[in-house]
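The next block holds one structure in the form of structure tokens; read it before the comments.
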Amino acid sequence: MHGMTDASRLGFRPDRLERIGAFIQDKYLDSGRMPFGSLLIGRGDDIACRWTSGVADDAIFRIASMTKPITSIAFMQLAEQGKAALGDPVAKYLPEFAGTGVFVAGGGNIPFYTRPPAQPMRIIDLMRHTSGLTYSFQERSAVDAAYRRTDIESWHKFDSGEFIAGLAKIPLQFDPGSSWNYSVSTDVLGVIIERISGQRLGDYFAEHIFAPLGMKDTGFQVEAAKAARLPDCYAFHPADKMVPHDPGGMDSAWAKGFKIHSGGGGLLSTVDDYHIFCRMLLNGGALNGAQIISPKSLELMTANHLPGGGDLTQHSTALFSEAENAGIGYGLGFGITIDPAATLIPGSAGEFSWGGMFSTTFFVDPLEDVCMIFMTQLMPSMTYPIRREIRTMLYAALAA
């Protein structure tokens with residue numbers, strides 16, 4: 001584990017950093033709102049703050065949509081090698097989508113009526129969630145109802161080929177590129193990575209990202225020898241605060257494994273491993289001699305790719321995503337702070353972040369050379385405003 005450094009030497013007020021953990025303990029853990037928590041705050045390559053309560057320091061967490069930035073980085077590696085390009089049509093790699101139309105009418109017991117898309121879905125649409133795809137939990141349209149009816153997002157039922165074949169039969173919610181909707185797009189991107197590389201997604205990640213960086217506890221399935229480090233996962237319940245969702249250890253679904261490696265949400269990781277990933281991002285795509293992607297590729301990924309440079313309040317049709325909308329744009333796998341004032345909390349323009357459905361979160365602030373990782377296991381992630389609270393208190397602790 002990367003060692004702690006004196007916080008004051010890193011430009012933090014130690015007393016103000018210490019109150020973050022005390023706040024989480026009092027408001028969320030002691031009250032029974034959350035089962036446990038683990039927080040890491042880093043500056044440069046150093047750790048300024050490490051707080052863990054109710055779980056081991058080396059606990060392995062279900063990171064859900066914090067998988068998305070890793071999948072996005074993996075695709076950019078292939079793009080750097082000339083094996084694919086952001087402007088390529090998705091159907092070039094997944095011909096199943098060649099005939100997928102845009103929803104006009106129908107659904108339920110009535111056959112869908114569709115029209116051809118105004119422009120083809122491109123890989124950049126997958127990466128910035130402008131593909132026309134959706135998530136079953138959005139519950140806004142006949143299209144996401146079809147996702148629920150077919151159980152298309154089940155990692156137990158479908159392998160990657162079956163997932164794509166089934167998904168391509170469901171209409172798009174809108175013309176690709178015309179709107180923003182949080183969706184299974186990054187899962188589709190993961191299948192494209194598999195088809196280009198000829199490897200399962202977990203094998204590609206292990207060879208090209210995790211091994212070079214030394215992320216030894218990150219993957220799609222927990223090994224038996226490490227299973228005791230995987231804690232229980234919970235779901236919010238209005239009366240009981242928390243109810244069991246997925247057991248820890250060898251009884252977990254992540255110990256048994258899934259038919260598909262979900263590029264949108266399937267990974268397990270630790271606070272320390274994800275800190276390594278964040279240090280690589282802070283360092284322009286390289287760490288410990290391993291150049292994962294180039295600085296220019298990372299610069300492209302962390303720019304705002306929403307049309308007209310707007311934020312998610314202008315473009316999002318999603319009922320839910322892992323971001324607050326005001327002042328936040330979207331890059332290629334990350335939410336991007338484009339207007340800190342509009343977010344109503346301290347921060348920096350150019351900060352990028354994302355989170356997972358089990359209330360995990362991270363952010364990277366290149367301007368301040370700061371990163372933060374917080375892990376717990378409670379779904380859904382919008383249950384409590386803890387992400388905004390941690391971020392506010394972290395910036396309040398910066399002295400220089």
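Numbers below:
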item: Yes/no for Ala56 being assigned to a loop (DSSP other than H, G, I, E, B), touching a residue at least 60 places away in the same chain (Cβ under 8 Å) and aliphatic (A, V, I, L, M); result: yes
item: Thr71 among the β-branched types (Val, Ile, Thr), under 27 Å from Lys296 (Cα atoms) and at pLDDT 95 or above; result: yes
item: Extreme residue, surrounded by the most Cβ atoms within 10 Å (Cβ to Cβ), among residues of segment 178-209 that are free of Cβ contacts under 8 Å to residues at least 60 places away in the same chain and touching a strand residue (DSSP E or B) at 6+ places or on another chain (Cβ under 9 Å); result: Gly202
item: Some residue of segment 311-331 being at pLDDT 95 or above and closer than 29 Å to Arg200 by Cβ; result: yes
item: Meets criteria (out of contact with any Gly (no Cβ under 7 Å at 6 or more places or on another chain), outside any helix (DSSP H, G or I) and surrounded by fewer than 15 Cβ atoms within 10 Å (Cβ to Cβ)) for Ala326; result: yes
item: Candidates Leu367, Leu298, filtered to the one that is at pLDDT 95 or above and either touching a helix residue (DSSP H, G or I) at 6+ places or on another chain (Cβ under 6 Å) or buried (at least 18 other Cβ atoms within 10 Å of the Cβ) (or both); result: Leu298
item: In segment 370-400, residue farthest from Gly265 (Cα to Cα) [restricted to those that are crowded, with 23+ Cβ neighbours inside 10 Å and polar (S, T, N, Q)]; result: Thr376
item: Residues of segment 173-219 satisfying the condition of being among the hydroxyl-bearing types (Ser, Thr, Tyr), closer than 22 Å to Asp88 by Cβ and not in a helix (DSSP H, G or I); result: Ser178, Ser179, Ser183
item: Flag for Ala74 being part of a helix (DSSP H, G or I) and either without any contact (Cβ under 8 Å) to a residue 24 or more places away in the chain or within 23 Å of the chain's Cα centre (by Cα) (or both); result: yes
item: Cβ-Cβ under 7 Å pairs, at least 6 apart or on other chains, segment 92-117 side outside the structural domain of Gly166 (by TED's automatic domain parsing) and of a type in the set (Asp, Glu), far side modelled with pLDDT of 95 or more and assigned to a strand (DSSP E or B); result: none
item: Selection from segment 237-291 of residues that are hydroxyl-bearing (Ser, Thr, Tyr) and outside any helix (DSSP H, G or I); result: Ser252, Ser262, Ser269, Thr270
item: Residue in segment 344-353 that is modelled with pLDDT under 95 and in contact with a strand residue (DSSP E or B) (Cβ under 6 Å, 6 or more places away or on another chain) present; result: no
item: Qualifying residue in segment 304-318 (condition: closer than 24 Å to Gln81 by Cα, of a type outside the set (Ser, Thr, Tyr) and free of Cβ contacts under 8 Å to residues at least 60 places away in the same chain); result: yes
item: Any hit, segment 360-381, residues being among the charged types (D, E, K, R), closer than 20 Å to Asp45 by Cβ and part of a strand (DSSP E or B); result: yes
item: Residue list for segment 222-249, filter: without any contact (Cβ under 8 Å) to a residue 60 or more places away in the chain and touching a Pro at 6+ places or on another chain (Cβ under 8 Å); result: Gly248
item: Only one of Phe61, Phe23, Phe36 that is hydrophobic (A, V, I, L, M, F, W, C), surrounded by fewer than 19 Cβ atoms within 10 Å (Cβ to Cβ), in contact (Cβ under 8 Å) with a residue 12 or more places away in the chain and within 24 Å of Val370 (Cα to Cα); result: Phe23
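Residue-by-condition table, conditions (1) crowded, with 22+ Cβ neighbours inside 10 Å; (2) in a helix (DSSP H, G or I):
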| position | (1), (2) |
| --- | --- |
| Val104 | no, no |
| Thr114 | no, no |
| Asp125 | yes, yes |
| Thr134 | yes, no |
| Arg140 | no, no |
| Tyr147 | yes, yes |
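Let's see how each residue does on (1) at pLDDT below 95; (2) of a type in the set (Ser, Thr, Tyr); (3) part of a helix (DSSP H, G or I):
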| position | (1), (2), (3) |
| --- | --- |
| Met1 | yes, no, no |
| Arg19 | no, no, yes |
| Met34 | no, no, no |
| Ile41 | no, no, no |
| Ala48 | no, no, no |
| Trp51 | no, no, no |
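The values are calculated or read from the model by the stated rules, or taken from the named source; none is laboratory data. Not measured: the values here are computed from a predicted model. When we count neighbours, we look across all protein chains shown, and the Cβ atoms used for this are built from the backbone with ideal geometry, even at glycine.
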